[in-house]
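The values are calculated or read from the model by the stated rules, or taken from the named source; none is laboratory data. Just so you know, these numbers come straight off a predicted model, no measurement behind them. Positions of Cβ are backbone-derived with ideal geometry, glycine not excepted, and every protein chain shown enters the neighbour counts. The accessibility values were calculated without ligands, DNA or RNA, using every heavy atom of the protein model including side chains. Shrake-Rupley method; radii C 1.70, N 1.55, O 1.52, S 1.80 Å.
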Amino acid sequence: GYQVAGIFQTAEQVSQQAVVSQSVAPGDLMYQDRNNDGVFDYANDFAYLGSNMPRYNYGINLGASYKNFDFNAFFQGVAKVDVNTLNLERARDTRDGNIRSNWLDSWTPENTGAEYPRLINAGINYLPSSFWVKSGAYLRLKNVSIGYNLPKALLEKTFISRLRIFATGQNLLTFSSLPKDIDPEAPNDNRYYPQVRTVTFGLNANF
């Protein structure tokens, strides 16, 4: 995709540089004309922006027990991977979905230091570019459980030989540099439903 050098701040900046469209104005992304020929084209101006194939996949299993208590946790993550967030972060220009709250920090003449370009219906800010490519590295607590086995002395006069009380959680914590509402495990699809954080309580009984 294109390399982005920033966001145009003034009409003078726009006039001094090659642009992908005559509709480019202050507040739009500033694409780099890599070969300086004044024309934007895929063959000469596209650059390698990264890979969505993780270089490293890893997992960590932790387990411990003390007297009648037991604890288990599984962490899972990837490193050295890039995510194209264009379909996930772009502002909706139809009624098909809500505009994400991050677009409150879009460029306006009064908010020139905004994180995102100006809100327009045209697609000039939604071309494949480095602006939308972010690190997809993450570490997630996929599963954690803690349990307690009731002492056998308490069960001697019952028909239960073993009783374990437990609580488990899934997807409780995620460490990632991506926006909080983007699941790092999501495919490049704006219709993906993120993984659900769940907590479960229960009993295991042996008779």
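Within the stretch 168-185, residues that are within 19 Å of Thr198 (Cβ to Cβ) and assigned to a loop (DSSP other than H, G, I, E, B) reach partners that are open to solvent by 50 Å² or more (accessible area, probe 1.4 Å) and among the β-branched types (Val, Ile, Thr) with beta carbons closer than 7 Å, at six or more positions or on different chains, in the pairs Pro184/Thr174.
Looking for whichever is within 15 Å of the chain's Cα centre (by Cα), under 29 Å from Phe8 (Cβ atoms) and crowded, with 16+ Cβ neighbours inside 10 Å here; the options are Arg90, Arg140. Which one fits?
Checking each option against the conditions leaves just Arg90.
Of the candidates Leu104, Leu119, Leu62, Leu154, the single residue that is open to solvent by 60 Å² or more (accessible area, probe 1.4 Å) and in a loop (DSSP other than H, G, I, E, B) is Leu119. The set of residues in the stretch 42-58 being open to solvent by less than 100 Å² (accessible area, probe 1.4 Å) and of a type in the set (A, V, I, L, M) consists of Ala43, Ala47, Leu49.
Listed by first and then second residue, the pairs with beta-carbon distance under 8 Å, at least 6 apart or on different chains, first residue in the stretch 114-138 and closer than 23 Å to Pro187 by Cβ, second open to solvent by 40 Å² or more (accessible area, probe 1.4 Å) and of a type in the set (Ser, Thr, Tyr), are Lys134/Ser177; Ser135/Ser177; Gly136/Ser176; Ala137/Ser176; Ala137/Ser177; Tyr138/Thr174; Tyr138/Ser176.
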